[in-house]
Structures are given as structure tokens and as C-alpha cells.
Number of protein chains: 2
Amino acid sequence: MKLTPVGIVHSPFREKFGIPRQPGLIAEVAATIELLPPFNREEAVRGLEGFSHLWLIFGFHAIPPHTGSLTVRPPRLGGNQRVGVFASRSTHRPNPLGLSAVVFVGFEQAAGKVLLKIQGADLLDGTPVYDIKPYLPYADAIPAALGGFADRAPEPQLSVVFSAAADRRCTELETERPQLRALIIAVLALDPRPAFKGEEHERVYGVRLFDLDVRWQVHERCAQVVTIKIFT
Amino acid sequence: MKLTPVGIVHSPFREKFGIPRQPGLIAEVAATIELLPPFNREEAVRGLEGFSHLWLIFGFHAIPPHTGSLTVRPPRLGGNQRVGVFASRSTHRPNPLGLSAVVFVGFEQAAGKVLLKIQGADLLDGTPVYDIKPYLPYADAIPAALGGFADRAPEPQLSVVFSAAADRRCTELETERPQLRALIIAVLALDPRPAFKGEEHERVYGVRLFDLDVRWQVHERCAQVVTIKIFT
């Protein structure tokens, strides 16, 4: 089967690093889906206003081609234990399709574009969307389901503080990048560092959010944001 | 993007007519997914035993090519009102991908095959499966979601009785087709007839389950199974 993108995601996540590993973990993430021609007409989403959540089937577009390995090492198991690719939501899979339930906020039409406003998306900017379906609670919500090795949401791992300079900068930058502070805190609290961290106390990490390079360090269980710069 | 099937569905539904419109409506439906080479190895599903439910992303393979229409007429609205294709789970969509949460019963290996046993599947026999993912209750179960015009599960519409001959035949045939009676009752109770039924009291309907032609009539709100024959 050949798939054609029906939409494209605009989100503050400009690189894979830092993206929460499941949707809904960061309610602060506002994103939009722009419907692509010939699907960019209001009638394509008529009736969607009664639904609070959507399913997105999308492409993991920034992933190298599948190696053929039938096992992966999920971060939830510390990154050193292998499970089957079909027992995991890993991006490294035979058909690089992702599936996310996101909050549907509403749609708007502007300058010939139809934009769906969503929240809680774990999606890279530029992600191609292949299908949008309404979330049907009677069929899709199974709260008693057993989630194996990923039965519970990951807990926040780090507390997050800002240096005085980063704090001021964040306030300035937030005027054009809504909820920037809440987004930084939510992303860093989940500790996006790779599973094997070693003891690199002085290391400065960078995460890209919007057009910003957010730099931070970790001391004990606390992440400190040290600088926020605009990429040029 | 080009997709390669990773598995194929074996189910009692041999034609589209009669298939419940969402998964989970008919818990009686036992089906299997056979993993296709090169994915037919136990390691591809290792770790899945801790999960109670699976997501299947599959192809609507028995559907004519998409007409390009951006609206559909969902049966839930009586079949005469149009909504956007992205506000519906209709099979008639730009990329003919289906999404179903099903119960995962377990897997078995036999004669070089790896079979995943599932329940509650709304899937046609022969359906190609493009991805299998574990159901993660913390991310996927949103019981408070608002389901628009399809907020609640469809109610059973018909009571179901068997003629004396059909009743005996069903008992005989059930030895090789597990839960045949429960399956027939569940399928007919949802009233699979098209939305515009008219008043065709004497009409005999047929639904194909396994290798069987199940014939039934409707009087008032009661479906009577009149004959069950093996297709030859």
C-alpha cells in the first residue's frame, strides 16, 4: 500500500531529542495539523467539533530505514533489555507508522489553510500525517487494560530550575512562544537524557524547542536551565 | 510511504456485511493474526505477554479506491447525513487504513508459523496488518473523551431466535466452529441491515460466517435464523 500525507504537523519540537515518549505526557504542547491539498477543505473535518480527542496515524519521518531487527531496547526497561518490535511503541519498526491520541482543541481556516489545533502531541515538527480519526471512547478507552512493562506513565524524574539569566530570557521569549516556560519544565522533568547516563555532572545538554537552543545541566536530581538562545 | 504487510488476519468474517462497525462489540469473535515472513519469529512479539490489548493498523483491502469525496454518511447518523471523512471511522478514506484495539489472548508457534490469538476483532478474513503495537492504558485510555455523534456503543437492535432446523444444525456445526451460536446471535443482534430498511417483512438476508451461509428473516424487532448451510 502507498500512503499520501493528508496533513503536516507544526510543533515546537524541532529535533527528536526531548520529545516525550508518549502523547499526553506534556499537556502544555500546543501544535497544529495543517491539512494538505486536496484535503484542505473545511468539509473534511465537519462534525469533528463534537469530539474531544483525535487519533493520528503518522510517519516517523526522521528515522533511518528499518535495519530488519525484530527486537528493540525500550527506554522503559533501562535501554539494555530487548523486547519484540511488536511489543513496543519504538520508532524503529518495519513500517514506520506512529499512533497518538491527542486533545482536539478546534479548527480554524485562514488564508486558504485548514488548521487543526491539538494538544499533548509527541510529534516532531514536519511530521507527515496519514490519517486522522475521531477517538471513540466506547471502543478505544480500555482503562483496565494491562500495559506490560509500560503499565504506568513515566514519573517526572527531575526538578527544574532556571538560572537568573535564563529566567529573564524565558519571560522575554515567551511573548511570541506561548507556554514556553511550562514546556521547558515539562520536557526536562521527564529527563530526556539517554538511558545510560554515567556521571557527567558538568555536561551541558541542549534541547531545541521552537527556534530556541535551551541549554541545561543536571546536578543530582535537579535540571538547571543555564541559557536560552535563538538559533541563527 | 510504502507499507509492507507484517501479518494477515484469519477471522470468521468472510464478507463485509455483518462485521460489527467497531472492535470490541462482539467479544465472541476469536481471530488470529499470522505473522508473515520475515516477521514470523517469536522474538518479534517477545514481551507482548504482559499486555492485555493490542492496536492493529490494517488495510481496508476489500474497498474500492477512494473516490476523492471528503465527506461520508456514517450509519450512526442514519446514513443520510454527511460528515467530514476525518470525523468518521468510515472505510472510505484517503489512505484506507483501519485502527482497532483488540484483546490479546496469547501467541502460539506451530509449523513455522507465529500466530497471535485475538478477540473482539471487527476484521475481514484476509485483512493485511501493517503494524501491531501494545495498548498502553496510561496513554491510550481516555474514558472521559467526548465521542461526538458516536459517543456511545450501538445498542443491540434485534432479539435473535433459531428455527428448530437451524438450531439443530448450529449445534452440529459448532463442534468445528467454536462459539458459532454466540457469534450468530451477536452479529444479528446489532442488525447489520443497511440504514434504509423499508418494510420488507418476507425478505431473507444472508450473512457469511466461517464457511457458512446463515439465512435469517426479520419480523418486528426479532431476527429468526432459518437455515445454516455450508458454502460449496
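The values are calculated or read from the model by the stated rules, or taken from the named source; none is laboratory data. Quantities reported herein were computed from a predicted structural model and do not represent experimental measurements. Glycine gets a Cβ as well: all are built from the backbone with ideal geometry, and neighbour counts include every protein chain shown.
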Enumeration of residues in region B:126-150 that are part of a loop (DSSP other than H, G, I, E, B) and either within 11 Å of chain A (Cβ to nearest Cβ) or under 23 Å from B:G50 (Cβ atoms) (or both): B:Y135, B:L136, B:A141, B:I142, B:P143, B:A144, B:A145, B:L146
All positions within region B:23-44 that are surrounded by 20 or more Cβ atoms within 10 Å (Cβ to Cβ) and in a loop (DSSP other than H, G, I, E, B): B:P23, B:G24, B:L25, B:I26, B:V29, B:F39
Is it the case that some residue within region B:85-96 is more than 30 Å from B:F210 (Cβ to Cβ), modelled with pLDDT of 95 or more, of a type in the set (A, V, I, L, M, F, W, C) and part of a loop (DSSP other than H, G, I, E, B)? no
Does A:N80 count as in a loop (DSSP other than H, G, I, E, B), over 30 Å from A:E49 (Cα atoms) and within 10 Å of another protein chain (Cβ to nearest Cβ)? no
Take A:A186 and tell me if it is closer than 30 Å to A:V45 by Cβ, not acidic (D, E) and not assigned by TED's automatic domain parsing to the domain that holds A:F104. yes
Run down B:R21, B:R14, B:R76 and say which single residue is in contact with a strand residue (DSSP E or B) (Cβ under 6 Å, 6 or more places away or on another chain), modelled with pLDDT under 95, farther than 29 Å from A:H66 by Cα and of a type in the set (K, R). B:R14
Among the numbered criteria (1) of a type in the set (V, I, T); (2) modelled with pLDDT under 95; (3) over 21 Å from B:A27 (Cα atoms), which one does B:V187 miss? (3)
Every residue from region A:47-71 that is over 17 Å from the mean Cα position of the chain (by Cα) and either at pLDDT 95 or above or closer than 20 Å to A:A101 by Cβ (or both): A:G47, A:L48, A:E49, A:G50, A:F51, A:S52, A:L70, A:T71
Which ranges mark the strands (runs of 3 or more DSSP E) fully within region B:151-223 that have 3 or more residues being free of Cβ contacts under 8 Å to residues at least 60 places away in the same chain and surrounded by fewer than 16 Cβ atoms within 10 Å (Cβ to Cβ)? none
Give the residue, chosen from A:E108, A:E49, that is of a type in the set (D, E, K, R) and either facing another protein chain (nearest Cβ under 8 Å) or assigned to a loop (DSSP other than H, G, I, E, B) (or both). A:E49
Conditions: (1) closer than 30 Å to A:A153 by Cα; (2) without any contact (Cβ under 8 Å) to a residue 24 or more places away in the chain. B:P64 meets all but one. Number of the miss? (1)
Quick one: in region A:26-46, of everything that is charged (D, E, K, R) and facing chain B (nearest Cβ under 7 Å), which residue is nearest to A:G106 (Cα to Cα)? A:R46
Test: residue in region A:119-137 that is touching a residue at least 60 places away in the same chain (Cβ under 8 Å), surrounded by fewer than 17 Cβ atoms within 10 Å (Cβ to Cβ) and more than 21 Å from the chain's Cα centre (by Cα): no
Would you tally the residues in region A:52-77 being within 7 Å of chain B (Cβ to nearest Cβ) and in a strand (DSSP E or B)? 5
Is it the case that some residue within region A:157-164 is modelled with pLDDT under 95 and in contact with a Phe, Trp or Tyr (Cβ under 8 Å, 6 or more places away or on another chain)? no
Can you work out which of the residues in region A:89-100 that are at the interface with chain B (Cβ under 7 Å from one of its Cβ atoms) and in contact with a Ser or Thr (Cβ under 9 Å, 6 or more places away or on another chain) is surrounded by the most Cβ atoms within 10 Å (Cβ to Cβ)? A:P94
